[in-house]
Amino acid sequence: MAQDTAQEIAEALAGISDVPAAAAGWVTAQDMDFGVAGTRVVNGSDRVQPDDQWHVGSITKGMTATLAARLVEAGAITWDTRLGAVLGDSYPDMHPDWHDTPLRRFLTHRSGMAANLPDDTAAGLGTAPRRDYVAEALFAAPIGAPGEFVYSNAGYVVAGAILEAAGGASWEELMRIHVFAPLGMESAGFGPPQGAVIEGHSPRLLWGVSAAGQSPEADNIPAMGPAGRVHLSAADMLRYLRAHLLRDETFLSTDAWETLHAPIGEEAYAMGWGVGEDGSLVHSGSNTLWYAVAYVAPDSGRAVFVSTNTGDFDAVVEPVDEALRSLLEAR
């Protein structure tokens, strides 16, 4: 892609088979630009709009970690607060190996918790409250040693429960108060976007993609919010990325930003971010119906974001990577 603008990059992505729509954008300290292209539903006539919300999947993890930093700064909790000290009384059937696990290990995927609950267990929870998911996760023994890297959606749900206990409100409400509102992310919400909006798509058995709709089944179960259920507009995603790019000291202290972005071990995973040798931050996200990537490049003074409303990874992963590279130089 040799395009010069974010709009042209989005149009090129939306021109790929099985990619109904795309958003592409970049942000610096002073400027921001993004473009959207394609249709809200495959083969539809309703064009995607600039204010449409995009589901960003596991990019949510960095947002949950950012919430944790805000609560640490507020004195509600510390990075080293032990799980048992916060949730021990609420989960008497917790496996004893979890009691001394600190918050930071859940946020860096080093708690030893499995990636997910068993599929049948998670499906059986449906719209049950988060505490039911957490009870299942904490009843099971760790599958990894303390400090060992095991990427874990379940671990981020538990982290969310710790933050709920410390903050005295649901994870969703805490996100609105401590992350979305201060950064001006007015479009941000949870689950599938609702109303006359863009929809995610799943690959068909033989070819093409089909719209997933807006029912609860068009996303992971609500309990998994802290691991990956945020949706928001392209502009609001760029506002969030700008805060991380600039390490905005009106939002978090230098020490908090350092903790969030510090890579650990050979996996070089920080808190909700993979970290490059040059200090760049990256994370992808997908609930299998959308695919998005955020990339923060401090050396170039720019952060970029690409999102598509398709779960056809064979069609979209390489073009999205190319689009990200183009956005780093887009005008």
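Laboratory data are not the source of any read-out in this text; all were calculated from the coordinates shown. What you see is a predicted model, and the numbers here were worked out from it, not measured in a lab. Because the Cβ atoms are built from the backbone with ideal geometry, glycine has one as well, and the counts that use them run over all protein chains shown.
7 Å from Cα along Cα→Cβ at both Ala128 and Asp299: what's the point-to-point distance in nm? Taking the simple label geometry, Ala128 and Asp299 are separated by 4.8 nm.
Spread over its residues, the convex hull of the C-alpha atoms of the chain is 126 Å³ per residue. Label positions at Glu186 and Thr250, each projected 7 Å from the Cα along the C-beta direction, are separated by 1.7 nm. Among the chymotrypsin sites (Phe, Trp or Tyr not before Pro) within the range 137-240, those in coil by DSSP and having at most 10 neighbouring Cβ atoms inside 10 Å are Trp207.
What the Cβ-Cβ distance of Gln214 and Ala115 gives, at R0 = 30 Å and to the nearest 0.05, is a FRET efficiency of 0.65. Summary of the geometry: the range 255-331 and the range 192-217, compared by the centres of their Cα atoms, lie 24 Å apart.
For the pair Asp100 and Val317, a Förster radius of 30 Å applied to the C-beta separation gives a FRET efficiency near 0.15, rounded to the nearest 0.05.
With neighbours defined as other Cβ atoms within 10 Å of a residue's Cβ, the residues Val72, Val296 order from fewest to most as Val72, Val296. Ordered by the number of other Cβ atoms lying within 10 Å of each residue's own Cβ, fewest first, Thr101, Thr5, Thr81 fall into the sequence Thr5, Thr81, Thr101.
Computed from the C-beta positions of Glu258 and Arg82 and an R0 of 30 Å, the FRET efficiency is 0.85 to the nearest 0.05. Relative to the current alpha-carbon distance between Glu329 and Ala196, full extension at 0.36 nm per residue lengthens the span by 44.6 nm.
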